[in-house]
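Visitor: Take a look at this one; I'll ask things after.
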Amino acid sequence: MTPMSLVSLALRILVLAGIGGCITTMRRNATASERHLVWMLTLGAMILLPLAAASLPRLDLITLPAPTTRQSAEVSSIGYETSNWPFLIAAVWIGGSIFCVLTLLIAHARVLRIVRSSSLNRGWSEGIGSPVLLSAEATFAFNYGMVAPVIVLPSPSLEWSAELLRATLIHESAHITRRDGISLFIAQVARVI
């Protein structure tokens, strides 16, 4: 893939994001699940776009006219060559993707460590249908996993009121039912690309 095709792809992805944003703005009275679906479809299209890029029409950038001899001399005396900018854009894009992958790997390793060091609360797990874990390291409730998701609660949740605990478990269960772990994975892949 050439640097210019990366720039063209970035413009297409930006257009897709704009379309998704416009749809969710126009449908602001829709349910959260419907708006969530629009964004997941938008992100899915962003991920599939590089695969379809070969068959889609090219989005050419406006190019500036070639510099005159005098302008060329001025540019070369500064030491900056205008023909390198597509390579710089590609290098920044690739560097950003590598940075995103590294931060995701570190974050998942940290969460996995919290999940593995947590203890199972059998009483709460039976009522929910998903394992409910208690963690001394967690500072807030969350769920983790795509295939076998778990709910992780901070240890102080043992002292929460029944209402707060019930609301938290219902909220986290809704994430699991909606398969938000898969949606989050799709969003993370789109961010890397």
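The values are calculated or read from the model by the stated rules, or taken from the named source; none is laboratory data. None of the values given here were measured: they were computed from a predicted structure. A quick note on method: Cβ atoms are made from the backbone with ideal geometry, for glycine too, and the neighbour counts reach across all protein chains shown. Accessible surface areas use protein heavy atoms only, side chains included; no ligands, DNA or RNA. Shrake-Rupley method; radii C 1.70, N 1.55, O 1.52, S 1.80 Å.
Visitor: Looking at 38, 15, which one is open to solvent by 70 Å² or more (accessible area, probe 1.4 Å), of a type in the set (Val, Ile, Thr), out of contact with any strand residue (DSSP E or B) (no Cβ under 7 Å at 6 or more places or on another chain) and modelled with pLDDT of 75 or more?
Guide: Result: 15 is the single residue among 38, 15 that is open to solvent by 70 Å² or more (accessible area, probe 1.4 Å), of a type in the set (Val, Ile, Thr), out of contact with any strand residue (DSSP E or B) (no Cβ under 7 Å at 6 or more places or on another chain) and modelled with pLDDT of 75 or more.
Visitor: Return the residue satisfying two criteria in turn: it lies in segment 147-164 and is touching a residue at least 12 places away in the same chain (Cβ under 8 Å), of a type in the set (A, V, I, L, M, F, W, C) and surrounded by 13 or more Cβ atoms within 10 Å (Cβ to Cβ), and of such residues it is farthest from residue 184 (Cα to Cα).
Guide: In this case the residue turns out to be 153.
Visitor: Does residue 178 satisfy the condition of being surrounded by fewer than 17 Cβ atoms within 10 Å (Cβ to Cβ), free of Cβ contacts under 8 Å to residues at least 12 places away in the same chain and of a type in the set (Lys, Arg)?
Guide: no
Visitor: Same structure again: Working carefully through the options 48, 64, 59, find the one that is open to solvent by 70 Å² or more (accessible area, probe 1.4 Å) and modelled with pLDDT of 75 or more.
Guide: Only one candidate passes the filter, namely 48.
Visitor: Kindly provide the set of residues from segment 115-129 that are within 27 Å of residue 189 (Cβ to Cβ) and in contact with a Leu (Cβ under 9 Å, 6 or more places away or on another chain), ordered by number. Explain how you work it out, then say what you get.
Guide: Here is the first cut: in segment 115-129, the residues within 27 Å of residue 189 (Cβ to Cβ) are 115-116, 118.
Selection gives 115, 118.
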